[in-house]
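One structure is given below, encoded as structure tokens.
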Amino acid sequence: MSNLSTLMQRGTEFLGCDTAIMCGAMSWVSERHLVSAISNAGGFGVIACGAMTPELLDNEIAATKAMTQKPFGVNLITMHPQLFDLIAICDKHKVSHIVLAGGLPPKGSLEAIKATGAKVVCFAPALTLAKKFIRSGVDALVIEGMEAGGHIGPVATSVLAQEILPEVADQIPVFVAGGIGRGDLMASYLRMGASGVQMGTIFACATESIAHENFKKAFFRANARDAVASVQIDPRLPVIPVRALKNKGTEEFTAKQREVANLLDEGKVDMMEAQLQIEHYWAGALRRAVVDGDVENGSIMAGQSVGMVTKEQPVADIIAQIMKEGEAALS
Ligand SMILES: Cc1cc2nc3c(=O)[nH]c(=O)nc-3n(C[C@H](O)[C@H](O)[C@H](O)COP(=O)(O)O)c2cc1C
């Protein structure tokens, strides 16, 4: 067994695949084609449920199963109003791993997932939360830094890894995410105790990804500095920052925040509804870019590793390259 396989062993045993490389769920992008391609290439694909209805998720899981015999996961957003119905759909298909994203899991949700027999993976944005999740019986953690694409926390991956891995990596598998573009960096997180990594940006424009060619071209052209975090304009309306390529849509988000802040002022919506409206805005904006190819007004969510994405490549080649770089770094 190579050095890299040894360092990945805990992760591969947990995920049930050949390499401990997860492709993080990306709304509209991580559907049957990309997810099955990742799992068929020895990685771990995760369906992005996003704002899907239970019926849509039902179809997507069935369609993915028809394209791969390998294990894959489903990413559910904790804020989804039908979270428990979505968990029931995962149970129907005996999905092996459920990744919960978007904030603290609501009461009873962890228990509901565990009752299906699935392993539950949560995002830990700080050491205290990592410890809390371990006490609650979560099976694995993802620690994701602010270099990542999509919704982000405030801390860099390198800092999270130093703070969290030495404290908890002996208790539970931890997957590091955010800004990873090459196998040498993956190898160094594995050496620090990580069980594997999660990447999104590097896979978003793979040959098997159904993202619109305009979306892919925007990725190929972009540099790290083009992937910027959204800004919060109203201190009362705490919006989770989103990292995306700078475009007109970035400014439209400012207008959207003003609109929702006004509704809050007028008492027309409560904070929960205000935050849901913001999330619906992002889901719609990302759809415009990924599905319709409107890269002017849509949201081209991308991490800072976007500068390393320069051409369309099959998923198997991307994974092979990362593994080769990882092996070389360790030998
Ligand atoms: C286009 C895009 C959409 C994303 N959508 C989601 C999502 O729906 N749910 C989620 O948990 N993470 C989402 N993410 C985050 C990824 O799952 C992954 O954790 C992240 O991309 C890893 O960091 P990296 O982009 O630096 O590789 C998204 C990322 C991107 C680039």
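The values are calculated or read from the model by the stated rules, or taken from the named source; none is laboratory data. Because the structure is a prediction, the values reported are computed rather than measured. As a convention, Cβ positions derive from the backbone with ideal geometry for all residues, glycine included, and neighbour counts pool all protein chains shown.
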Original post:
Given Val260, Val242, which one is within 14 Å of the ligand (Cβ to nearest atom) and either not hydrophobic (A, V, I, L, M, F, W, C) or not assigned by TED's automatic domain parsing to the domain that holds Gly149 (or both)?
Top reply: Val242
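State which residue is nearest to the ligand (Cβ to nearest atom) when the search covers only region 94-106 and only residues that are surrounded by fewer than 23 Cβ atoms within 10 Å (Cβ to Cβ) and farther than 11 Å from Thr78 by Cβ.
Ser96
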**OP:** Would you tally the residues in region 35-56 being crowded, with 23+ Cβ neighbours inside 10 Å, in contact with a helix residue (DSSP H, G or I) (Cβ under 7 Å, 6 or more places away or on another chain) and not in a loop (DSSP other than H, G, I, E, B)?
**Re:** 8
**OP:** Among what's in region 239-255 and is closer than 17 Å to Gly145 by Cα and in contact with a Ser or Thr (Cβ under 6 Å, 6 or more places away or on another chain), pick the residue that is surrounded by the most Cβ atoms within 10 Å (Cβ to Cβ).
**Re:** Ala244
Subject >> Subset of region 1-32 (residues that are within 16 Å of the chain's Cα centre (by Cα) and not in a loop (DSSP other than H, G, I, E, B)) >> reply: Leu15, Ile21, Met22, Cys23, Arg32
**OP:** Would you be able to tell me the number of residues in region 273-320 that are within 12 Å of the ligand (Cβ to nearest atom) and over 18 Å from Trp28 (Cβ atoms)?
**Re:** 5
**OP:** Mind checking which helices (runs of 4 or more DSSP H) fall wholly inside region 222-331 and carry at least 1 residues that are touching a residue at least 60 places away in the same chain (Cβ under 8 Å)?
**Re:** 271-290, 315-330
**OP:** Give the residue, chosen from Val291, Val295, that is under 20 Å from Ala222 (Cβ atoms), buried (at least 22 other Cβ atoms within 10 Å of the Cβ) and outside the structural domain of Ile21 (by TED's automatic domain parsing).
**Re:** Val295
**OP:** Kindly check whether there is at least one residue in region 94-103 that is out of contact with any Lys or Arg (no Cβ under 8 Å at 6 or more places or on another chain) and at pLDDT below 95.
**Re:** yes
Original post:
Taking Ala140, is it within 15 Å of the ligand (Cβ to nearest atom) and touching a residue at least 40 places away in the same chain (Cβ under 8 Å)?
Top reply: yes
Subject >> Residue selected from region 176-198 under the condition near the ligand (Cβ under 9 Å from one of its atoms) and more than 18 Å from Ala328 (Cβ to Cβ), by the criterion surrounded by the fewest Cβ atoms within 10 Å (Cβ to Cβ) >> reply: Gly179
Subject >> Check on Asp234, of a type in the set (D, E, K, R), under 27 Å from Leu104 (Cβ atoms) and at pLDDT below 90 >> reply: yes
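Yes or no, residue by residue, for (1) in contact with a Lys or Arg (Cβ under 9 Å, 6 or more places away or on another chain); (2) more than 14 Å from Met79 (Cα to Cα):
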position	(1), (2)
Asp270	no, yes
Gln277	yes, no
Arg287	no, yes
Asp292	no, yes
Glu296	yes, yes
Met308	yes, yes
